[in-house]
Amino acid sequence: MQKVWLITGASSGLGRQLVELTLARGDRVAAVVRKADALADLQQRYGNALTVEAFDIRDTDRMQQTINSVATAWGKIDVLVNNAGYVLRGAAEEVSDAQIERQFAVNLLAPIQVTRCVLPQMRKQRGGRIVQISSMGGQAAFPTASLYHAAKWGLEGFTDALRHEVAPFGIQLTIVAPGGMRTSFNANAVQAEPIDAYEQTAVGMFRHRSREAGDANYGGDPRKVAQAIIAATDADTAPERLVLGADAYTVVHRALTQRLAALEAQQDIAMSTQLGR
């Protein structure tokens, strides 16, 4: 059955791979990008199976108009993929107020609002899939990315709660946690103004490592990640979380193992705080 997709952050990387693969299998796609000509080659190849909307992902009114237009033209929206995002790098003390606000606006508030915008249509049609592109950084944390982590952890908490709210309407949600992929993600990172005092700390080490590593050294294949996401949306039951990439699996597994061990070590003191004990 032909599906209708709404994909944000669709101009390059994972987003573009999703657009290409879904169109190639005969689906229809509404792609949200920043530049109108970003998908010109795909528009020429697939014609009216692809609609491209160019605007700032933070523009909620425009997003609602796009969703309404797509639902009217194609009758439904089967899958929303919230993919737009970027990483702000710098120690918490180094980043500016404006950088903090934009990181949360793009990585947390925008996907929340896009999700809210699509819910009425999915409720009306009694079903749909929402895919939130998080990161292995939604379960683990590293120096120089505290605000990025805060946004991703927030998105995961929102999604876990929302899953229970919309289940009665047949709407299913999946959090995708990719590792490093060969895209332009690292190259597009926003860098905070460094403070010299952090140079010889873990912040300085991670700062240099991220600059030297480059996206070309990541082992994740964005096309394979896109294929795994599409397969998850085709499954009868959506996975609640999808960790993709060898690095992501290792990092998330270690973080969860350490967290569980710390919790279990606190069992006695946790129980001792009950009334009557």
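Only the coordinates and a few stated rules stand behind these numbers; no lab work does. Model, not experiment: these values are computed from the prediction. A quick note on method: Cβ atoms are made from the backbone with ideal geometry, for glycine too, and the neighbour counts reach across all protein chains shown.
What number goes with the only condition from (1) within 16 Å of SER134 (Cα to Cα); (2) part of a helix (DSSP H, G or I); (3) not acidic (Asp, Glu) that PRO239 does not pass?
(2)
Quick check on the stretch 169-191. Is at least one of its residues without any contact (Cβ under 8 Å) to a residue 12 or more places away in the chain and surrounded by fewer than 14 Cβ atoms within 10 Å (Cβ to Cβ)?
No, the stretch 169-191 has no match at all.
If you take the residues of the stretch 143-168 that are of a type in the set (D, E, K, R) and more than 20 Å from ALA246 (Cβ to Cβ), which of them is surrounded by the fewest Cβ atoms within 10 Å (Cβ to Cβ)? Outline the logic, then answer.
Of the residues in the stretch 143-168, the ones of a type in the set (D, E, K, R) are 152, 156, 160, 163, 165.
Going one step further and asking which of them are more than 20 Å from ALA246 (Cβ to Cβ), we end up with 156, 160, 163, 165.
Details: GLU156: 18, ASP160: 13, ARG163: 17, GLU165: 11.
This residue is GLU165.
Condition (residue is outside any helix (DSSP H, G or I), touching an Asp or Glu at 6+ places or on another chain (Cβ under 7 Å) and at negative phi) applied to the stretch 162-177: is it met by at least one residue?
Within the stretch 162-177 (the criterion being outside any helix (DSSP H, G or I), touching an Asp or Glu at 6+ places or on another chain (Cβ under 7 Å) and at negative phi), the answer is yes, since at least one residue qualifies.
Please count how many residues of the stretch 28-51 are of a type outside the set (Lys, Arg) and more than 20 Å from ASN188 (Cβ to Cβ).
Result for the stretch 28-51: 13.
Take THR66 and decide whether it is surrounded by 14 or more Cβ atoms within 10 Å (Cβ to Cβ), in contact (Cβ under 8 Å) with a residue 24 or more places away in the chain and out of contact with any helix residue (DSSP H, G or I) (no Cβ under 6 Å at 6 or more places or on another chain).
yes
Would you please list the contacts, defined by Cβ atoms under 8 Å and residues six or more apart or on different chains, that run from a residue in the stretch 130-156 that is touching a residue at least 40 places away in the same chain (Cβ under 8 Å) to a residue that is acidic (Asp, Glu)?
GLN132/GLU156; SER134/GLU156; MET136/ASP247; GLN139/GLU156
Tally up the residues in the stretch 99-142 that are in a strand (DSSP E or B) and either in contact with a Gly (Cβ under 8 Å, 6 or more places away or on another chain) or surrounded by fewer than 17 Cβ atoms within 10 Å (Cβ to Cβ) (or both), please.
Summing the residues that are in a strand (DSSP E or B) and either in contact with a Gly (Cβ under 8 Å, 6 or more places away or on another chain) or surrounded by fewer than 17 Cβ atoms within 10 Å (Cβ to Cβ) (or both) in the stretch 99-142 gives 2.
Does ASP59 qualify as being loosely packed, with under 15 Cβ neighbours inside 10 Å, acidic (Asp, Glu) and under 21 Å from the mean Cα position of the chain (by Cα)?
On the way: loosely packed, with under 15 Cβ neighbours inside 10 Å: yes; acidic (Asp, Glu): yes; under 21 Å from the mean Cα position of the chain (by Cα): yes.
Yes; evaluated as a whole, the condition is true for this residue.
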